[in-house]
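Undergrad: Sharing a structure with you now.
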Amino acid sequence: MSAWAAKRFWAAAQAVPCAGGFTVRLDAKPVKTPAKQPLTLPTLAMAQAIAAEWDQQQGLIRPDTMPLTRAANSAIDKVAPQVDGVVAEIANYGSTDLLCYRATDPQPLIDRQAAGWGPWLDWARDELGAPLDVTHGVIPVPQPATSLARLRAHVAAHTPFQLAALHDLVAISGSLVLGLAVARQRLTAEQAFALSRIDESWQNELWGTDEDAAALEALRRDALLTAERFFALCG
């Protein structure tokens, strides 16, 4: 027996105002989240972008081709009910930030990490008020409590919709500093992705690129770019 799958039933998807913001209607029917909550969006631009995803569906509905819709669903169903927990999860990346863990050899890789990551730790110190300590190797290094508290405060300043995007910006890059830099438009997601993959790029230069690994990298890059776009649509 084949699994049931939803099919397109509407003629057009429209972004429209609603109580508390904007939503998407499929003909006259408002879209709801998987938890049956109203899809109430913070900006018209986000509603229009999500409406475009629905309009692009032909035949069977494919959620994997609707990343903005999925991000909005996550913001409403998963982030909003547990904001403090999501803030804590994101902020915890500051205690083990990728940028703080440097190679022990070879020297060219050490130099490449320092050149790529050092300026963003300087930025965290100067703009975020959160200096972080650097170590060589993988043994965890304790970070200053005041810095971690400031980073948490920066994370907590975001809305649930922004947190949904920031979570992916941080988790995919492995760096709270890079995620916040993208959120503040100091870096593009493309630049942040390249910085987060310095080690992998080094290995690829030495040994060549594995086809399966490259495909996975492409998916991760696309997800980071989507998170950047979703954050911008939050207004």
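The values are calculated or read from the model by the stated rules, or taken from the named source; none is laboratory data. All of these numbers come straight from a predicted model, not from anything done at the bench. Here Cβ is always computed from backbone atoms with ideal geometry, including for glycine, and neighbour counts include all displayed protein chains.
Undergrad: Write out, first by first residue and then by second, each pair whose Cβ atoms fall under 9 Å of each other, whose residues are 6+ apart or on separate chains, and whose first residue, in the stretch 87-100, is in the same structural domain as Leu180 (by TED's automatic domain parsing) and farther than 12 Å from Leu148 by Cα while the second is aromatic (Phe, Trp, Tyr) and modelled with pLDDT of 95 or more.
TA: What qualifies is Leu98/Trp117; Leu99/Trp117; Leu99/Trp120; Cys100/Trp117.
Undergrad: Report whether or not Asp126 is acidic (Asp, Glu) and within 19 Å of Thr104 (Cα to Cα).
TA: Considered against the rule, which asks whether it is acidic (Asp, Glu) and within 19 Å of Thr104 (Cα to Cα), Asp126 comes out as no.
Undergrad: Considering the stretch 41-73 alone, what residues qualify as being β-branched (Val, Ile, Thr) and surrounded by fewer than 19 Cβ atoms within 10 Å (Cβ to Cβ)?
TA: Thr43, Ile61, Thr65, listed by residue number.
Undergrad: Given Ala153, Ala194, Ala171, Ala218, which one is under 20 Å from Ala80 (Cβ atoms) and surrounded by fewer than 17 Cβ atoms within 10 Å (Cβ to Cβ)?
TA: Matching residue, one of Ala153, Ala194, Ala171, Ala218: Ala153.
Undergrad: List, please: which pairs have Cβ atoms under 8 Å, are six or more places apart or on different chains, and start with a residue in the stretch 160-173 that is closer than 10 Å to Phe230 by Cα and in the same structural domain as Thr96 (by TED's automatic domain parsing) and end with one that is basic (Lys, Arg) and modelled with pLDDT of 95 or more?
TA: From the stretch 160-173, the pairs are Ala164/Lys78.
Undergrad: So, Phe231, is that one over 21 Å from Ala103 (Cα atoms), in a helix (DSSP H, G or I) and either modelled with pLDDT under 95 or of a type in the set (Phe, Trp, Tyr) (or both) or not?
TA: Yes.
Undergrad: Test each condition in (1) surrounded by fewer than 15 Cβ atoms within 10 Å (Cβ to Cβ); (2) in contact with a helix residue (DSSP H, G or I) (Cβ under 7 Å, 6 or more places away or on another chain); (3) not in a helix (DSSP H, G or I) for Thr23 and report the one that comes out false.
TA: (1)
Undergrad: Looking only at the stretch 74-99, filter to residues that are of a type in the set (Asp, Glu) and under 27 Å from Ala47 (Cα atoms); which one of those is surrounded by the fewest Cβ atoms within 10 Å (Cβ to Cβ)?
TA: Only one residue fits best here, namely Asp84.
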